[in-house]
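Visitor: I'd like to ask some things about the structure below.
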Amino acid sequence: MKEFELDLSLLALLSETPGLPGREGLVADQIQQALPPNWVAETDQIGNLVCRCPDWAGYGPKVMLMAHMDEVGLIVRRVTQDGFLQVQRLGGMGLRSLPGARLDLWTSDGRRVPAQVGTLPQHLDHSNFLALEDMYIDIGTASRQEAEALGVQVGDGLTWASSFERIGSHQARGKAFDDRLGCFVLLALARRLAEAQITPTCDLHLAFVVQEETRLTGGLPAVRQYAPEIVIGIDGTLPFDTPDLAGKQNDVHLGGGPALKWLEAIRGKMACTVPDLRLAQTVRSTARQSGIPLQDEVITGIGTALNPVPYANQGVRIVGLSLPVRYHHSPVEMADLRDVSWMMMLLTDLLQQPL
Ligand SMILES: [Zn+2]
């Protein structure tokens with residue numbers, strides 16, 4: 001299957017921009033600047049950004065594609081007398097990746113302070129696992145006063161300090177691929193539709209939502225406000241294709257194409273999200289017709305912004321599409337760029353079907 005050429009400088013920009021839960025403004029700015037010229041964007045009072053092309057108002061059903069802008073991180077809970085920081089997690093920051101990690105601290109006025117997580121020298125390390133309470137952040141200051149002089153205070157956020165890079169033949173690595181890859185796909189789709197002068201069979205809305213990583217917040221207000229009949233979620237998912245995970249849960253892997261979510265459950269079996277059957281079948285038949293590889297996914301232990309959406313209005317038809325991302329919530333998230341390209345192509349073809 002041929003791939004679509006991706007604007008990797010835009011993807012790098014989206015990945016590297018900080019956007020902690022509740023602090024997604026810079027990401028929203030980058031997205032607005034990357035929209036095709038004839039699109040309009042509106043921001044609601046919690047920061048969700050909804051973009052649409054006014055020419056398509058009233059074209060068939062209202063369809064919202066949804067990706068989340070926020071990323072996992074840490075928040076300062078205490079500045080110690082000797083200038084170290086103690087932190088709490090802001091979303092599911094990967095604890096295994098923390099000791100020795102490079103971080104960026106973002107002060108309330110938006111300045112970057114280089115930071116790192118302290119780690120015990122191997123010579124003195126006789127333990128297996130470190131709890132977050134035992135970790136500390138080192139910003140190179142020797143006192144609380146010195147830290148405060150840099151503008152550091154309780155409530156500041158920290159992100160992975162990790163730059164975007166190509167790796168292997170088809171892959172890339174960086175931070176916040178969950179879900180800036182989704183944001184990127186939506187932008188690439190808008191640009192593709194504009195460049196090729198494709199008119200979808202629906203009134204298309206692209207929703208870039210906030211605070212998914214903390215409590216799946218953003219999606220629901222956006223859906224209530226714009227009242228789409230159909231919502232298609234685009235988010236990262238966990239592939240099971242590394243030596244430690246092969247054979248567990250499912251066969252979703254990097255380079256196998258986007259995945260169609262048949263079931264996702266955060267925990268147990270009562271909080272399952274399942275797709276609208278007709279919509280899921282249309283996704284599958286579109287992929288087959290277009291020759292785009294598509295994987296089938298059933299997964300537990302993960303939730304997305306789509307979870308609360310069916311409660312909105314008179315009910316909403318939903319389907320979730322996943323981009324496999326290895327090492328979720330770490331500084332070295334890894335994805336296959338062919339999957340990203342195929343996701344964009346699948347959506348382009350899907351939006352020309354009757355939905
Ligand atoms: Zn996500």
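The values are calculated or read from the model by the stated rules, or taken from the named source; none is laboratory data. Note that the coordinates shown come from a computational prediction; the quantities given were computed from them, not determined experimentally. No Cβ is skipped: glycine too gets one built from the backbone with ideal geometry, and neighbour counts run over all protein chains shown.
Visitor: For residues that are part of a loop (DSSP other than H, G, I, E, B) and either touching a Cys at 6+ places or on another chain (Cβ under 7 Å) or among the aliphatic types (A, V, I, L, M) (or both), scanning just segment 278-328, find the one that is surrounded by the most Cβ atoms within 10 Å (Cβ to Cβ).
Guide: The first filter runs over segment 278-328 and keeps only residues part of a loop (DSSP other than H, G, I, E, B), leaving 291-294, 301-308, 312-316, 325, 327-328.
Within this subset, residues satisfying the condition of being either touching a Cys at 6+ places or on another chain (Cβ under 7 Å) or among the aliphatic types (A, V, I, L, M) (or both) are 292, 294, 302, 305-306, 312, 316, 325.
Working: Ile292: 22, Leu294: 20, Ile302: 20, Ala305: 30, Leu306: 27, Ala312: 20, Val316: 19, Val325: 25.
Out of the qualifying residues, it is Ala305.
Visitor: Return the residues of segment 231-280 that are within 16 Å of the ligand (Cβ to nearest atom) and either farther than 30 Å from Pro354 by Cα or modelled with pLDDT under 95 (or both); say none if nothing qualifies.
Guide: If we filter segment 231-280 for residues that are within 16 Å of the ligand (Cβ to nearest atom), which is where we start, we get 231-239, 252, 258-259, 261, 264-266, 273.
Within segment 231-280, Leu238, Pro239, Glu264, Ala265, Ile266, Thr273 meet the criteria.
Visitor: Something else: Of all residues in segment 4-27 being of a type in the set (Ser, Thr, Tyr) and assigned to a helix (DSSP H, G or I), which is surrounded by the most Cβ atoms within 10 Å (Cβ to Cβ)? Before the answer, list the steps.
Guide: Step one: filter segment 4-27 for residues of a type in the set (Ser, Thr, Tyr), giving 9, 15, 17.
If we keep only those that are assigned to a helix (DSSP H, G or I) as well, we get 9, 15.
Details: Ser9: 9, Ser15: 24.
Result: Ser15.
Visitor: While we're looking at this one, here's another question. Exactly one condition in (1) in the same structural domain as His328 (by TED's automatic domain parsing); (2) more than 23 Å from Pro354 (Cα to Cα); (3) away from the ligand (no atom under 15 Å from the Cβ); (4) surrounded by fewer than 20 Cβ atoms within 10 Å (Cβ to Cβ) is not met by Ala194; state its number.
Guide: Unmet for Ala194, out of (1) in the same structural domain as His328 (by TED's automatic domain parsing); (2) more than 23 Å from Pro354 (Cα to Cα); (3) away from the ligand (no atom under 15 Å from the Cβ); (4) surrounded by fewer than 20 Cβ atoms within 10 Å (Cβ to Cβ): (2).
Visitor: Can you confirm whether segment 167-177 contains a residue that is within 15 Å of the ligand (Cβ to nearest atom) and within 20 Å of Leu347 (Cβ to Cβ)?
Guide: For segment 167-177, residues within 15 Å of the ligand (Cβ to nearest atom) and within 20 Å of Leu347 (Cβ to Cβ): present.
Visitor: I want to confirm something. Restricting to segment 212-230 and keeping residues that are of a type in the set (A, V, I, L, M, F, W, C) and surrounded by fewer than 24 Cβ atoms within 10 Å (Cβ to Cβ), which single residue is nearest to the ligand (Cβ to nearest atom)?
Guide: My answer is Leu216.
Visitor: Give all pairs with beta carbons closer than 8 Å in which a residue from segment 199-218 that is in the same structural domain as Gly94 (by TED's automatic domain parsing) and of a type in the set (Asp, Glu) meets a residue that is in a loop (DSSP other than H, G, I, E, B) and within 13 Å of the ligand (Cβ to nearest atom); count only pairs at least 6 apart in sequence or on separate chains.
Guide: Once the first residue is in the same structural domain as Gly94 (by TED's automatic domain parsing) and of a type in the set (Asp, Glu) and sits in segment 199-218, no partner that is in a loop (DSSP other than H, G, I, E, B) and within 13 Å of the ligand (Cβ to nearest atom) comes close enough.
Visitor: Now a separate question. If I ask for residues that are acidic (Asp, Glu) and touching an Asp or Glu at 6+ places or on another chain (Cβ under 9 Å), which ones from segment 306-349 would you list?
Guide: Glu333
Visitor: Scanning segment 120-141 for residues that are surrounded by fewer than 12 Cβ atoms within 10 Å (Cβ to Cβ) and part of a loop (DSSP other than H, G, I, E, B), which turns out nearest to the chain's Cα centre (by Cα)?
Guide: From segment 120-141, those surrounded by fewer than 12 Cβ atoms within 10 Å (Cβ to Cβ) are 121-129, 131, 133; that's our starting set.
With the extra rule that they be part of a loop (DSSP other than H, G, I, E, B), the set shrinks to 121, 125-129, 131.
Values: Pro121: 34, Asp125: 35, His126: 36, Ser127: 33, Asn128: 30, Phe129: 28, Ala131: 26 Å.
Filtering segment 120-141 for residues that are surrounded by fewer than 12 Cβ atoms within 10 Å (Cβ to Cβ) and part of a loop (DSSP other than H, G, I, E, B), the one nearest to the chain's Cα centre (by Cα) comes out as Ala131.
Visitor: Among the residues of segment 79-93, which ones are surrounded by fewer than 17 Cβ atoms within 10 Å (Cβ to Cβ) and of a type outside the set (Ser, Thr, Tyr)?
Guide: Gln81, Asp82, Gln88, Gly92, listed by residue number.
Visitor: A further question follows. Sort out which residues of segment 267-326 are under 20 Å from Gly257 (Cβ atoms) and of a type in the set (Lys, Arg), and write them in order of number.
Guide: Arg284, Arg288, Arg326
Visitor: So which residues in segment 85-119 are in contact with a helix residue (DSSP H, G or I) (Cβ under 9 Å, 6 or more places away or on another chain), outside any loop (DSSP other than H, G, I, E, B) and within 20 Å of Glu212 (Cβ to Cβ), if there are any at all?
Guide: Passing the criteria: Gln88, Arg89, Leu90, Leu95.
Visitor: Here's a follow-up. Of the residues in segment 94-106, how many are farther than 15 Å from Phe129 by Cβ and crowded, with 16+ Cβ neighbours inside 10 Å?
Guide: Selection size over segment 94-106: 5.
Visitor: Looking at (1) of a type outside the set (D, E, K, R); (2) surrounded by 22 or more Cβ atoms within 10 Å (Cβ to Cβ); (3) closer than 21 Å to Pro308 by Cα; (4) more than 14 Å from the ligand (Cβ to nearest atom), which one does Val209 not meet, given that it meets all the others?
Guide: Going through the list (1) of a type outside the set (D, E, K, R); (2) surrounded by 22 or more Cβ atoms within 10 Å (Cβ to Cβ); (3) closer than 21 Å to Pro308 by Cα; (4) more than 14 Å from the ligand (Cβ to nearest atom), Val209 breaks only (4).
Visitor: Sticking with this one: Between a residue in segment 294-310 that is more than 16 Å from the ligand (Cβ to nearest atom) and any residue that is assigned to a strand (DSSP E or B) and aromatic (Phe, Trp, Tyr), which pairs come within a Cβ distance under 8 Å, given they are 6 or more apart or on different chains?
Guide: Hits for this filter: Asp296/Trp262; Val298/Trp262.
Visitor: Would you mind telling me which numbered condition in (1) farther than 21 Å from Glu212 by Cα; (2) within 16 Å of the ligand (Cβ to nearest atom) Tyr59 fails?
Guide: (2)
Visitor: Still on this structure, please answer the following. Confirm whether Gly151 is buried (at least 17 other Cβ atoms within 10 Å of the Cβ), within 23 Å of Glu24 (Cβ to Cβ), modelled with pLDDT of 95 or more and not hydrophobic (A, V, I, L, M, F, W, C).
Guide: The answer is no for Gly151.
Per-residue answers, yes or no, for (1) over 23 Å from Val332 (Cα atoms); (2) in contact with a Phe, Trp or Tyr (Cβ under 6 Å, 6 or more places away or on another chain); (3) outside any strand (DSSP E or B); (4) within 16 Å of the ligand (Cβ to nearest atom):
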site	(1), (2), (3), (4)
Asp29	yes, no, yes, no
Asn38	yes, no, yes, no
Glu42	yes, no, no, no
Gly47	yes, no, yes, no
Val76	no, no, no, no
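Visitor: Here's another thing I want to ask about it. Select, from Leu294, Leu306, Leu350, the only residue that is modelled with pLDDT under 95 and over 23 Å from Phe164 (Cβ atoms).
Guide: From the options Leu294, Leu306, Leu350, the qualifying one is Leu306.
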